[in-house]
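The values are calculated or read from the model by the stated rules, or taken from the named source; none is laboratory data. If you're wondering where the values come from, they're calculated on a predicted model, not measured in any experiment. Here the Cβ is made from the backbone with ideal geometry for all residues, glycine too, and neighbour counts use every protein chain on show. The accessibility values were calculated without ligands, DNA or RNA, using every heavy atom of the protein model including side chains. Shrake-Rupley method; radii C 1.70, N 1.55, O 1.52, S 1.80 Å.
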2 protein chains.
Amino acid sequence: MVLRPLPARLLAAWPGWRTACARGASRGPAGPGRPRAGPGPTPERYRVERLPFSTVSAEDLAAFERAVPGRVVTDPGALEAANVDWLKTVRGCSKVLLRPQTSEEVSCILRHCYKRNLAVNPQGGNTGMVGGSVPVFDEIILSTALMNQVISFDEVSGILVCQAGCVLEKLSQFVQERNFIMPLDLGAKGSCHIGGNVATNAGGLRFLRYGSLRGTVLGLEVVLADGTILNCLTSLRKDNTGYDLKQLFIGSEGTLGIITAVSILCPPQPKAVNVAFLGCPGFAEVLQTFTTCKGMLGEILSAFEFMDAECMQLVGQHLHLAIPVQDSPFYILVETSGSNAGHDAEKLGSFLEQALGSGLVTDGTMATDHRKVQALWALRERITEALSHDGYVYKYDVSLPVERFYDLVIDLRARLGLQAKHVVGYGHLGDGNLHLNVTAEAFSKALLEALEPYVYVWTAEQQGSVSAEHGLGFKKRDVLGYSKPPKAVQLMRQLKALLDPKGILNPYKTLPAQA
Amino acid sequence: MVLRPLPARLLAAWPGWRTACARGASRGPAGPGRPRAGPGPTPERYRVERLPFSTVSAEDLAAFERAVPGRVVTDPGALEAANVDWLKTVRGCSKVLLRPQTSEEVSCILRHCYKRNLAVNPQGGNTGMVGGSVPVFDEIILSTALMNQVISFDEVSGILVCQAGCVLEKLSQFVQERNFIMPLDLGAKGSCHIGGNVATNAGGLRFLRYGSLRGTVLGLEVVLADGTILNCLTSLRKDNTGYDLKQLFIGSEGTLGIITAVSILCPPQPKAVNVAFLGCPGFAEVLQTFTTCKGMLGEILSAFEFMDAECMQLVGQHLHLAIPVQDSPFYILVETSGSNAGHDAEKLGSFLEQALGSGLVTDGTMATDHRKVQALWALRERITEALSHDGYVYKYDVSLPVERFYDLVIDLRARLGLQAKHVVGYGHLGDGNLHLNVTAEAFSKALLEALEPYVYVWTAEQQGSVSAEHGLGFKKRDVLGYSKPPKAVQLMRQLKALLDPKGILNPYKTLPAQA
């Protein structure tokens, strides 16, 4: 194998490697980068009225104690973290959190809640971005934290079956020890649960290569509103017997049933991973680099992430990470994953030569060593954390045609002027998924009104999606209509009524408030 | 790039290349290989009773004529082909076939049928294997044949939007001219419609590499039972706004709605395709070859198909195709698709050296030239056609753990003895999907009873699926319970009742007959 020479500076050690913060510091309730200021109760900030559910009585608590002995939490201190979302933008006032260990216990809890008309908020790692993972009022919090067992792993097929409360990063470690990887990866990996990932149809950093959870999730076990356990936990790559019920629950944010176990197909661990962190002189060049990349890297391209200069400035400022490429208006992170290190290096080398030679890329650095790969990824993955240190964050997560991808950021900067502290754009360019974030010193209604519905109207005009991967949860449920026609919304309501006739599962989420 | 030397015989021209029948002769209503004998009416062979739908009146015909002027077919000769399935195992007695060109026309037809309680059988290319694509009694046939327009194609993203009646092979040609490929391919490509592919969640030959239609279909337009047009025809890779309604219709065999348009993500055309056709001395060696293959070919492996000796014998005997490797008990077809011909040849060369050197593979031939690649694929793709020339075919399409994959074939040969003409096994080993076929001179109830429920029980004992990719249609609807628990079947019935309260859409299909 002949390796073509790479430009020397791409292979030179970047001085920041040793000091860069490790990738592991991902977000989560106890994470170091958690924003500090807490929000007031949700109904104070958002217009929402409590639905006529029952309230938890002493008899209910006794029934829960029988269902999950010693695992009924009512201590207000212990409940605080579970009532507030990670972004500290919404706050529920639940007075009870239940910690079942088995599907049967979940079933027993729901049977009781259904009978008593008690509302339930399923909660995984509480890392959601749209307020879907915390109660709005006093819903009972049903935590999957203790449902954290791997049920089986097939070392030939790579099929993993596990309980819903397994933390994504732990599953990653588990399958990596067996030469596989999880088909999804995201910044919140250290806290998020696989059940929550599936319930929100999480996209993340490996989507470009391994596709949607709708393809990689092979089976689910779900507990329905009335306590029925629906066992669709098969481990088959192909199964066309009847309607694919598990699809109903993927991405339905716990509003149609509670996912208790997951069967998922893990790809083989690539033998070689390379990451290049590159600077581009303009957005047109970012797009051309993407097209060149797809053509020259083909099947080994596993990520194409994009960040603007303002993102990188905030990462440097708030997290003290060194940025290996300076003074570029746009940055991209390209990852390859393949089965032959020599072949991959040759493909990547040719691509970089071409991109540098034609001026699409002006500077860059490359890593193959695991630790350095992680440090480059941290620059992308920790943007959310950096933003949260910058003040109150207005978050938008939209799908747009890539040609118009950055226009929305430019447009908003002009529109908001000094009202905003920062307007930044980054995201999964390879999937057409822009994360648009606006920061301000504190929450301001005026700024919110300058942003909404403007951002949604803009997105709808491009036939985009107003929620590419974060879902709708509580905070975005009323914008569903920007991306779906009334007849689709009506059918969604009918499905909700069929699966959860009393509406006790994660109320006030996903579907718009009834007029 | 240094190409390692390959064993000379693998690169030697195979004498059969020039005489081999071209791959294009795929199955379809007018195809050359279509079996000749016709079945009697379905209710004579299967226990089924007509449900109390209305019958088509002169007023109905006049209404249809207004909806689709000049495209109401009532000529019995013209209806014959649409009443009988491709396998000639079931026959309906529909007296009217409608040929809409637009979704609005489909809507208009269904609005009328819904009001009048008339049953409707949606029909694409009529290439299904389970009797799902023809009427059972006198259902109105709604053909998508004239809904064959490409709506748009994005040459950057590879997203194709088209009407449901586009023939898969024509779409393949269309996107190939633009350097993309369809994410699915199957033997019936010359006749099957993309709408039918989606309605049956077709698997096929590219599943191993490009995954399920549940991941690659980005949007659908569907007409519901009452004529409502549900527009979920988005072209976004990621969209988490509300429940993913299109998933309800993928694989529901036209029983929940009629798919009228499809948005689908096409992968870039690989720059290099190689096919190796290999002989293995035993099934254990087939499995070891698969594991070796996955490890050494990694991301360029695009198909791993398996055929037993009896399959190849029938292909030679009935279709007069020359088999390039003789006297092997098992055959495999390995395909690679990649972006660098040199790298791919090197990977494939190393794999073949290893497989031959260790005795996993005893003989083989290889092709890179497009025509030769097609000729090798024909040996696999035309097995169905060869079997149909052998007599009446009992077809099973199961998912099994790969370790037990071939045991069912061996077991059945012993069980059936001289009752069967041939018992053959082939299929998508890479997906755990076995096609098990039994031929006999003519349909025999005794043979059917020796096969069923035996095959289903055997499969269920392995936690397999009794229909991996063919669906249930009419002929397999009563075996759903072997792969799905009663609570899942009950929820499927509730979904059917919600979406199609009068049950007019493709009745007698997918769901078991009510007790």
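One Cα centroid belongs to the range A:397-425, the other to the range A:460-508; the line between them spans 24 Å. Neighbouring Cβ atoms from other chains, within 10 Å of the Cβ of residues in A:293-306, number 4 on average. Summary value for chain B: 17 percent relative contact order, contacts being C-alpha pairs under 8 angstrom separated by 6+ residues. Each 10 Å bin, from zero up to the one with the longest distance, holds this percent of the alpha carbon pairs of the range B:106-213: 14, 41, 30, 13, 2.
Element breakdown for chain B at a 1.4 angstrom probe: carbon and sulfur atoms account for 53% of the accessible area. For chain B, the longest principal axis of the Cα atoms and the long axis of helix B:341-357 meet at an angle of about 70 degrees. Sorted from shortest to longest, the distances between the B:GLN269 label points of this copy and the other copies are 3.8 nm, with each point 7 Å from Cα along the line through the beta carbon.
For the residues of B:482-495, the average number of beta carbons from a partner chain within 10 Å of their own beta carbon is 5. Within the same chain, aspartates and glutamates fewer than 8 places from A:LYS445 are excluded, and of the rest, those with a Cα less than 15 Å from its Cα are A:GLU44.
Relative to the other identical copies, A:GLY70 shows label-point distances of 8.1 nm, where the label point lies 7 Å from Cα along the Cβ direction and values run shortest first.
Computed on the range A:157-282, with alpha-carbon pairs under 8 angstrom and 6+ residues apart, the relative contact order is 35 percent. Residue by residue along B:394-404, Cβ atoms of other protein chains within 10 Å of the local Cβ number 2 on average. Taking the Cα centre of chain B as reference, the dipole from Cβ charges on Lys and Arg (+1) and Asp and Glu (-1) amounts to some 520 debye. Applied to the range A:59-73, the Karplus parametrisation 6.51 cos²θ - 1.76 cosθ + 1.60 on θ = phi - 60° returns per-residue 3J(HN,Hα) values of 5, 5, 4, 5, 5, 5, 4, 5, 6, 9, x, x, 10, 10, 9 Hz, with x for Gly and Pro. Translational diffusion coefficient of the protein assembly as shown at 10 °C, 1.306 mPa s, Stokes-Einstein with Kirkwood Rh over Cα pairs, in µm²/s as a whole number. Answer, rounded: 53 µm²/s.
When you restrict to C-alpha pairs under 8 Å that are six or more residues apart and normalise by the size of the range B:36-145, the relative contact order lands at 32 percent. Applying the criteria of a DSSP loop state and at most 14 other Cβ atoms within 10 Å to the chymotrypsin sites (Phe, Trp or Tyr not before Pro) of the range B:272-353 yields no site.
Buried accessible surface for the A/B chain pair comes to about 6200 Å², total over both chains, computed with a 1.4 Å probe.
Restriction of the GluC sites (Glu not before Pro) in the range A:327-376 to DSSP coil positions whose beta-carbon has at most 11 other beta-carbons within 10 angstrom yields no sites. The accessible-area loss of the range A:220-256 on complex formation, taken against its chain alone with a 1.4 Å probe, reaches 50 Å² or more at A:LEU236, A:ARG237, A:LYS238, A:ASN240, A:THR241, A:GLY242, A:TYR243, A:LEU245. Distances between copies of A:TYR46, taken at a point 7 Å out from Cα along the Cα→Cβ vector and listed shortest first: 4.8 nm. Loop-located trypsin sites (Lys or Arg not before Pro) across the range A:230-328 with a Cβ neighbour count of 15 or fewer within 10 Å are A:LYS271, with loop assigned by DSSP. Dipole orientation for the protein assembly as shown: of the candidates B:PRO453, A:GLY417, B:VAL175, B:PRO453 has the Cα lying most toward the positive pole (charges on Cβ; Lys, Arg +1; Asp, Glu -1). Pairs of alpha carbons in chain A separated by more than 36 Å make up 31% of all such pairs.
Between the helical axis of B:370-381 and the longest alpha-carbon principal axis of chain B there is an angle of about 70 degrees.
Evaluated with a Cβ-only charge set (Lys, Arg +1; Asp, Glu -1), the protein assembly as shown carries a dipole of roughly 920 debye about its Cα centre, given to the nearest 20. List the pairs from A:LYS170/B:LYS496; B:LYS88/B:LYS496; B:LYS246/B:LYS484; B:LYS421/B:LYS487 whose alpha-carbon separation is above 32 Å, in the order I gave them. Going by Cα-Cα distance, A:LYS170/B:LYS496; B:LYS421/B:LYS487 fall outside the 32 Å limit. Mind checking the angle between helix B:407-416 and chain B's longest principal axis? C-alpha axes, 0 to 90 degrees, to the nearest 10. That helix lies at roughly 70 degrees to the long axis.
Accessible surface computed residue by residue for the protein assembly as shown, with neighbouring protein chains in place and a 1.4 Å probe, gives 35 Å² per residue.
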